[in-house]
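Asks: Dropping a structure here in structure tokens format, bear with me for questions.
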Amino acid sequence: MLHTIVLIAALCFVPVGHAGSDQHEGIEITVNINTANAEELDKLLIGIGPDKASSIIEYRDTHGQFATADELENVKGVGAATVAKNRERIKL
């Protein structure tokens, strides 16, 4: 019985996280999609690899700065699900 109480008490102090967290060791991860280079987009946005990062840069160079995060959906290969996964990371 004492072991059970000690175990429950110990579990109360275990940190809990979740997959896809926008923080790494207490640091919030954000990306300004209007100023980031392709490498930054690739490394910091979930589901964005080198090819999609290059497409984002090309779109931005052609159409100007993004007014909203949802505008990323206009980039070929970037859909609503990818924008949703990164919404907390995306800054303008």
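Since every read-out is calculated from the coordinates, none of them should be taken as a lab result. The structure displayed is predicted, hence computed values, not measured ones. We place every Cβ from the backbone using ideal geometry, glycine too, and count neighbours over all the protein chains shown.
Asks: Can you work out D for the stretch 24-91 in µm² s⁻¹ from Stokes-Einstein, where Rh is the Kirkwood radius over C-alpha pairs, the temperature is 37 °C and the viscosity is 0.692 mPa s?
Replies: It comes out at roughly 277 µm²/s.
Asks: While we're looking at this one, here's another question. Would you mind getting me the FRET efficiency between D70 and K43? Use the beta-carbon distance for r and R0 = 25 Å, nearest 0.05.
Replies: Numbers: r = 22 Å, r/R0 = 0.89.
Working from the Cβ atoms, E equals 0.65.
Asks: Let me ask something else about it. Going by amide H atoms built from the backbone, whose H comes under 5 Å of the H on V31, apart from near neighbours?
Replies: Hits under the 5 Å cutoff: I90, K91.
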